[in-house]
1. Using the Cβ atoms and a cut-off under 15 Å, what net charge is assigned to the surroundings of B:Val51, where Lys and Arg are +1 and Asp and Glu are -1?
2. Through the Karplus equation 6.51 cos²θ - 1.76 cosθ + 1.60, θ set to phi - 60°, convert the phi angles of segment A:45-52 into ³J(HN,Hα) values in whole Hz; use x for Gly and Pro.
3. Ignoring any ligand, DNA or RNA, what whole percent of the accessible area of segment B:12-79 comes from carbon and sulfur when the probe is 1.4 angstrom?
4. Put a label point 7 Å from Cα along the Cβ direction on A:Asn116, then list its distances to the equivalent points in the other copies in nm, shortest first.
5. Quick check: from the Cα gyration tensor, does segment B:17-101 come out rounded (a/c under 1.5), prolate or oblate?
6. Just list whichever of A:Lys15/A:Lys79; A:Lys15/B:Lys44; A:Lys101/B:Lys53 have alpha carbons separated by over 30 Å in the model shown.
7. Quick check: net charge around B:Gln37, other residues with Cβ under 11 Å of its Cβ, Lys/Arg +1 and Asp/Glu -1?
8. Using each residue's phi in segment B:99-112, evaluate 6.51 cos²θ - 1.76 cosθ + 1.60 at θ = phi - 60° and report the 3J(HN,Hα) Karplus result to the nearest Hz, with x for Gly and Pro.
Protein chains: 2
Amino acid sequence: MASSSSYNCPCAACKFLRRKCMPGCIFAPYFPPEEPQKFANVHKIFGASNVSKLLHELLPHQREDAVNSLAYEAEARVKDPVYGCVGAISFLQRQVERLQKELDAANADLIRYACNDIPSGIACTAGSKFGSSHGSSAEAG
Amino acid sequence: MASSSSYNCPCAACKFLRRKCMPGCIFAPYFPPEEPQKFANVHKIFGASNVSKLLHELLPHQREDAVNSLAYEAEARVKDPVYGCVGAISFLQRQVERLQKELDAANADLIRYACNDIPSGIACTAGSKFGSSHGSSAEAG
């Protein structure tokens with residue numbers, strides 16, 4: 001974090017808002033001049049005064065995380081104005097449900113193997129069935 | 001959706017903003033008077049004019065989903081000013097990673113059973129090992 005601001009090098013927020021970047025500027029540590037898009041997104045979605053208000057209500061050590069999560073949400077909303085980052089939440093929830101079902105099924109098979117309901121060694125080609133999870137693994141990354 | 005607005009019953013947005021709710025009000029179909037907190041949250045986090053601008057830029061059939069996702073984000077940010085709904089994303093990402101690891105391990109065990117590396121029927125008590133996933137199942141819900 002902590003990009004120091006001076007009159008010669010205003011932070012991205014003050015540059016965007018065309019105002020003098022004063023010492024103690026609430027935005028300066030989190031919106032360095034070399035990342036102009038970060039503030040542009042946050043300003044477009046939340047508005048500079050809302051963000052300033054929110055930062056003032058937090059403890060100094062919480063502000064960097066807050067700005068980063070706001071910047072993430074803002075970028076997601078710029079890219080997807082209908083769902084924003086809630087689209088990512090829906091996608092992840094579906095992925096969790098699918099993985100949980102696959103895991104429950106695999107565990108049920110394991111219990112049946114362990115209890116001898118399925119004779120072991122029936123088919124090494126069964127690997128093709130189990131291999132299907134690796135597709136989801138790639139998707140998860 | 002579609003709560004009709006009239007002078008006698010302004011939508012939650014117009015009531016909050018203390019203005020007359022005119023026919024064709026952009027907020028009225030999505031902010032019914034019986035859900036005042038929905039608009040209060042969205043106004044606090046995004047600002048009424050940002051939301052109005054965003055809705056005007058969308059097609060009418062996209063607006064309800066957009067309002068609902070904005071309301072979700074706003075409520076999450078009100079509850080957790082530092083991380084907002086990005087906290088849910090981080091939680092879900094960790095859950096996906098954990099489930100994927102558990103699934104990979106279960107599938108590796110199944111392949112070993114199928115290839116006869118583990119004699120089947122060794123212990124029905126193995127169920128206690130497999131049962132651990134049901135804790136995660138509850139967590140997922």
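1. +1
2. My calculation for segment A:45-52 gives 8, 9, x, 4, 6, 4, 5, 4 Hz in order.
3. 54
4. Ordered by increasing distance: 1.7 nm.
5. It comes out prolate by the Cα gyration axes.
6. Violating the 30 Å Cα-Cα cut-off are A:Lys101/B:Lys53.
7. Local net charge: -1.
8. 5, 4, 5, 4, 5, 4, 5, 5, 5, 5, 4, 4, 5, 5
The values are calculated or read from the model by the stated rules, or taken from the named source; none is laboratory data. Owing to the predicted nature of the structure, the values given are computational and were not obtained by experimental measurement. Backbone-built Cβ (ideal geometry, glycine too); neighbour counts: all protein chains shown. Note: accessible area is taken over every heavy atom of the protein model, side chains too, but ligands, DNA and RNA are not part of it. Shrake-Rupley method; radii C 1.70, N 1.55, O 1.52, S 1.80 Å.
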